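Visitor: Sharing a structure here in structure tokens format.
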Protein chains: 2
Amino acid sequence: MDGRVSNFRTQLEVYRSKGGGEAGDLANCPVRNVVQNIFSKWASLLLMALAERPYRFGELRRLVPDISQRMLTQTLRDLQRDGYVHREVFPTKPPSVEYSLTDMGRSMFDSLQHLLGWADANFEKVRTARARFDAAEG
Amino acid sequence: MDGRVSNFRTQLEVYRSKGGGEAGDLANCPVRNVVQNIFSKWASLLLMALAERPYRFGELRRLVPDISQRMLTQTLRDLQRDGYVHREVFPTKPPSVEYSLTDMGRSMFDSLQHLLGWADANFEKVRTARARFDAAEG
DNA sequence: AATGTTAGTCTCAAAATGAGAGCAGGGCTA
DNA sequence: TAGCCCTGCTCTCATTTTGAGACTAACATT
């Protein structure tokens, strides 16, 4: 109630109205549909890497050590499908594949970056909150 | 390479250095640890709702029609644990429980909102990109 | 000839999620 | 007084998603 999230009543109404058609239905909201892919387990991490510079498949795998090849392939394909990532195959032997951000990917990442910045600035507070919660519930 | 994601080489280096200790290790990066919860399947949707005004459990369930009670409970508890959401029980009969954003939750949501705004403005482009990809791969 | 490299795919196990019943403790209606 | 509804959950079991690791093909290196 302190005004910091000012105009969000309106905002949520807008999202609602973009849903299936029934008033108040968030189930088929297109905003939700778009962010779902960006918020998937590995997407933001790969986007962070690709915002730095283009990477090859194997480089990404080494950079994000706990991703499986399966999910790396799948997440990259999803990001490519949504238009954030460009995939280019070089006909070397063995072939190499380079992934890079598109203009749209960079545009989206500019917005994502705000939240990453917040997390960077506030992860200690979150850690503290978690510790307090865990201590209180015992 | 057009400079729009300017200082992100540096940024990623910072995230890397905050990892386990080995250079270039993103596995235990605290930023990643924090955003993971915000990016979970239902969190952003509930945050959007709670940014509008406090809601009761049953209200949230009706507002987000395709969430299961199980995941609603669990996601709310995670958000509470991380310090974004306040849970208050009113001793009515039957008891009612109200969820609201904390100051930290509002602060975080201000950053998240940038991305939601981008998705709102660009979901048509994403839809187009998907259609093009799906048509090309057949 | 043996081994390593590339970017994947395939299979099977493990983890996360969904669907739906159950619960406690009252208030309503009949 | 019996029966049903309301609340905010938890529990169980089925389905979906993700992870771990083997396998591929064609070449380079040792």
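Visitor: Give me the tail of P(r) for region B:19-138 as a percent: Cα-Cα pairs with distance above 25 Å.
Guide: 40 percent
Visitor: For A:R56 and B:Q36, what is the calculated FRET efficiency with R₀ set at 35 Å and r taken between the beta-carbons, to the nearest 0.05?
Guide: 0.85
Visitor: Follow-up question, since we're still on this one. In the structure shown, do any of A:K125/B:K41; A:K93/B:K125; A:K41/B:K93 have a Cα-Cα gap over 29 Å, and if so which?
Guide: A:K93/B:K125; A:K41/B:K93
Visitor: In addition: If I take R0 = 35 Å and measure r between the Cβ atoms of B:N28 and A:V89 in this structure, what FRET efficiency does the formula 1/(1 + (r/R0)^6) give, to the nearest 0.05?
Guide: Approximately 0.60, to the nearest 0.05.
Visitor: What shape does region A:45-98 have by the C-alpha gyration tensor, where a ≥ b ≥ c are the square roots of the eigenvalues, rounded means a/c under 1.5, and otherwise prolate means a/b greater than b/c and oblate the rest?
Guide: Here region A:45-98 falls in the rounded category.
Values in this text are rule-based calculations from the coordinates and carry no lab data. None of these values were measured; they are calculated from a predicted model. Here the Cβ is made from the backbone with ideal geometry for all residues, glycine too, and neighbour counts use every protein chain on show.
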